[in-house]
Amino acid sequence: MNKKLSLVLLTGIVVLFSLNSFSEEGVSEGEIMFEALGCWGCHGQAGYSTDERYPVLAGRNADWIVQQLEYFQSGERVSPMMNAMAPMAEGFERVIAEYLASKESP
């Protein structure tokens, strides 16, 4: 449990520093969260995945993205990686989804 708490605290600190530095550059909160949480590692920069194992999220419907994150958070949808990562996005699902939805579909 201590490792999980440490990870959550570390993520929070990183996010706070990211929000402060990027907000001055006109970067959206959704983009900051997508980057800070490492979503780009699988889903590609701005949601443009180049790996067929991971879906392209750029241009997807924001409501659909929010719903998928919630499914992973609740365990209703199962993927070891996403079940571990999605809880870190809690509270930021909508801004992440709107950021990705604002991107042009490939």
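Values in this text are rule-based calculations from the coordinates and carry no lab data. Since this is a predicted model, take the numbers as computed values, not measurements.
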**Prompt:** On full extension of the chain, what length is gained from SER28 through TRP40, given 0.36 nm per residue of separation minus the C-alpha to C-alpha distance?
**Reply:** 2.8 nm
**Prompt:** Could you give the length gained on full extension between ASP51 and SER79, defined as 0.36 nm per residue of separation minus the Cα-Cα distance, in nm?
**Reply:** 8.4 nm
